[in-house]
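Data first, discussion second: the structure below is written as structure tokens.
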Amino acid sequence: MIFFPEVQNVKYEGIDSKNLLAFKHYNPEELVMGKPMKEHLRFAMSYWHTLTGGGNDPFGDNTLIRQWDNLTPMEKAKARVKAGFEFMEKLGIEYFCFHDKDIAPEGETLREYFENLNIIVDVIEDEMKRTGIKLLWGTSNMFSHPRFVHGAGTSCNAEVFAWASAQIKNALDITKRLNGEGYVFWGGREGYETLLNTDMKLELDNLGRLLNLAVDYSKEINFTGQFYIEPKPKEPTKHQYDFDVATVLNFLKTYNLQNKFKMNIEANHATLAGHTFQHELRVARINGVFGSVDANRGDLLLGWDTDQFPSDVYDASLAMYEVLMAGGFTSGGLNFDAKVRRASLDSLDLFYGYICGMDTFAKGLKVASKLIEDKVFENFIENRYSSYKSGLGKKIIENKITLKELSEYALDIKEIKNTSGRQELLENILNSYIYK
Ligand code: XUL
Ligand code: CO
């Protein structure tokens, strides 16, 4: 069965093409800094937003009617696999990401749920073999079901901790079976609503314990994929423990996990934390924990996670700048954790969303690579900090001077002369690279 008959394979046609179902910038085989664009970008489809989500919001039911909606739960799950692989093939997307709950319905018991999952994983495995499409990362949904009302690893209820452990174990088994290149922990309800009822220390210790148990188990089954934490400051809970990259770094160090995890950074989560996307990527990069990206955007006027398709070339250019400066993706990639608006009713809108996101990041990659080739910011920054290259500055960064000696030096300075930060000039230059 064909699910998207209205769309043929989406091809690169260049910026002059008027075809709305063609790429204007994403040319998979085109070399950028000596590497094909598709290897730089490693685009992935999010199973949940693309195949499972129906457009509901807190005020209204699903609006997006799909061909598989009227099938029985297991038939629906199978149809979604086929639709998903047809979708990825048509867009030339080579990776996907999923939560356990996205792919198969829960059962009466956990045992029944895992059986359902196995049946669907068989179908996914066949489609992966048929198409060569790969699993970027797997994860477990430990936030939707009412049992997770108080959290999963941070729940006050030890049975919930056990349930979450079982789900993680099974999701790791599946991810390993499908040769997943990574495994993500997004702390869905790992946070609190009020401190009046919360033992914060116990909750954080338990979260640390759960992740250590997962790492131990991954060794047991020889899962060699990369573990990621995906920071988010709030939503669904008022305060999420994995607030931002800096907070997660501290958490990882406290629980001895810093060598096991990297960050999966989502644009909209960064802005919710009061940071730019680039800031979060930079903090990860300079601390050696950059890993993967959930590509989307928020709405600056709204305080929640709108998960819109990325369309801001400026942001994408700066994001790709950080990605390239971090050495590029290795096991990670660009997962479109993005959904069409609930009024975007047609399957066709899914294609328009992905085409927009893929073209935005392809353009961003081209801009970033030119900026780096020309060392635009690096030269400026190097010069800006040149006072640390010799004399006093060199002594400071080599830790060869005491506070007393610094004080003695400063006492005789007559006038301190600063140079311009040239922000406007740099913004003009950045724009000129985007206009090209
Ligand atoms: C939620 C979110 C998740 C994670 C995976 O805001 O981003 O979909 O990406 O659990
Ligand atoms: Co995400």
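Okay, here's what the table says:
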| quantity | calculated |
| --- | --- |
| Antiparallel %, DSSP beta bridges [both residues in the chain], to 5 | 20 |
| Glu373 paired with Ala410, simple spin-label distance in nm, labels 7 Å along Cα-to-beta-carbon | 4.5 |
| Net charge contributed by nearby residues that have their C-beta within less than 13 Å of Ala326 (K/R +1, D/E -1) | +1 |
| Three-way shape call for the range 192-297 based on the alpha-carbon gyration tensor, with the a/c threshold at 1.5 | oblate |
| Protection-proxy order for peptides 365-371, 425-431, 236-242, each taking the mean of Cβ atoms within 10 Å per residue, highest first | 365-371, 236-242, 425-431 |
| Residues Leu425 and Leu403, FRET efficiency given R0 of 30 Å [Cβ-Cβ distance, rounded to 0.05] | 0.25 |
| Length gained when the stretch Lys219-Tyr385 is fully extended (0.36 nm per residue, less Cα-Cα span) | 55.4 nm |
| Rg ratio (alpha-carbon, reference 2.2 N^0.38 Å) - the range 1-140 | 1.18 |
| Residue list for the range 70-90, given a label point 7 angstrom along the Cα-to-Cβ vector of Ala22 and an amide N cut-off under 19 Å | 90 |
| Protection-proxy order for peptides 110-123, 381-394, 66-79, each taking the mean of Cβ atoms within 10 Å per residue, highest first | 110-123, 66-79, 381-394 |
| 222 nm mean residue ellipticity, helices alone, for the chain (DSSP H n ≥ 4; -39,500 (n - 2.57); rounded to 500) | -14000 deg cm²/dmol |
| The chain: equivalent-ellipsoid semi-axes (sqrt of 5 x gyration tensor eigenvalues, Cα, Å) | 39, 30, 19 |
| Aspartates and glutamates with Cα under 16 Å of Lys24, excluding same-chain neighbours fewer than 8 positions away | Glu13, Asp16, Asp312, Asp359 |
| Shape call, the range 320-376: gyration tensor on alpha carbons, a/c limit 1.5 | prolate |
| Greater than 32 Å apart at Cα, pairs in Lys260/Lys394; Lys38/Lys176; Lys129/Lys232; Lys253/Lys395; Lys38/Lys101; Lys18/Lys339 | Lys260/Lys394; Lys129/Lys232 |
| Sequence-distant lysines (8 or more away, or on other chains) whose Cα lies within less than 28 Å of Lys400 | Lys389, Lys414, Lys417 |
| Other-chain or far-sequence residues with amide H under 5 Å of Gln226's (modelled H) | Gly182, Tyr183 |
| Sequence-distant residues sharing a close amide H with Glu266 (under 5 Å, placed H) | Asp294 |
| Shape box of the range 56-120 [Cα atoms, principal axes, largest first, Å] | 37, 33, 20 |
| Diffusion constant of the range 280-397 at 37 °C, which comes from Stokes-Einstein with the Kirkwood Cα-pair radius and 0.692 mPa s, µm²/s | 201 |
| Packing-based ranking, highest mean first, of 4-15, 305-316 given that Cβ atoms within 10 Å are counted | 305-316, 4-15 |
| Dimensionless Rg ratio for the range 66-178, taking C-alpha atoms and the 2.2 N^0.38 Å reference | 1.12 |
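Read-outs throughout are calculated quantities, based only on the coordinates presented, and are distinct from any laboratory measurement. Everything numeric in this text was worked out from a predicted model, so none of it was measured. Ideal geometry is used to build each Cβ from the backbone, glycine not excepted, and the neighbour counts take in all protein chains shown.
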